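The values are calculated or read from the model by the stated rules, or taken from the named source; none is laboratory data. Please read all numbers here as calculations on a predicted model, not as lab measurements. Neighbour counts run over all protein chains shown; Cβ positions are idealised from the backbone, glycine included.
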């Protein structure tokens with residue numbers, strides 16, 4: 001990776017890490033202010049035909065997956081060991097949930113969050129693997145040309 005690209009990647013990873021820590025250890029739920037807006041948005045989605053079972057819990061679960069995708073991608077990219085990157089995602093999630101349990105009385109740690117976070121890290125690892133495979137195929141095709 002070119003030196004400039006490495007600096008951009010490191011800067012992006014640093015910003016992501018800061019956001020991860022701030023969101024995970026904010027003293028109160030970060031979506032508390034969005035409650036009324038989310039309720040209205042979910043009602044609107046139901047009016048459009050989205051099934052009634054789809055609600056806040058599903059949005060939160062999906063958000064946690066998206067929240068941890070960069071972690072899986074970055075860990076796999078830096079470590080070049082996808083399984084280890086997945087374990088890093090799981091370990092970070094366990095630390096966050098334990099920290100919320102022990103340090104933040106207004107936060108609610110859950111196994112559901114742990115599962116969603118780990119699925120997010122797995123998705124990031126899978127994106128890394130697809131990208132790596134694509135790059136290798138491209139390099140092979142260039143070498144044959």
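Do we have residue 111 as over 22 Å from residue 16 (Cα atoms) and either in contact with a strand residue (DSSP E or B) (Cβ under 8 Å, 6 or more places away or on another chain) or loosely packed, with under 15 Cβ neighbours inside 10 Å (or both) here? Spelling it out, residue 111 is indeed over 22 Å from residue 16 (Cα atoms) and either in contact with a strand residue (DSSP E or B) (Cβ under 8 Å, 6 or more places away or on another chain) or loosely packed, with under 15 Cβ neighbours inside 10 Å (or both). No other residue among 45, 38, 22 is over 24 Å from residue 104 (Cβ atoms), at pLDDT 85 or above and assigned to a helix (DSSP H, G or I) apart from 45.
Within the stretch 67-81, residues that are over 25 Å from residue 25 (Cα atoms) sit with their Cβ atoms under 9 Å from residues that are modelled with pLDDT under 95 and surrounded by 22 or more Cβ atoms within 10 Å (Cβ to Cβ), at 6+ positions apart or across chains, in these pairs: 81/75. Among the residues of the stretch 78-93, not a single one is touching a helix residue (DSSP H, G or I) at 6+ places or on another chain (Cβ under 7 Å), buried (at least 16 other Cβ atoms within 10 Å of the Cβ) and not in a helix (DSSP H, G or I).
For the stretch 109-123, state whether one or more residues are part of a loop (DSSP other than H, G, I, E, B) and within 23 Å of residue 32 (Cβ to Cβ). So far as the stretch 109-123 goes, yes, one or more of its residues are part of a loop (DSSP other than H, G, I, E, B) and within 23 Å of residue 32 (Cβ to Cβ). Out of curiosity, is residue 15 over 20 Å from residue 129 (Cα atoms) and at pLDDT 95 or above? When the stated conditions are applied, residue 15 does not pass them.
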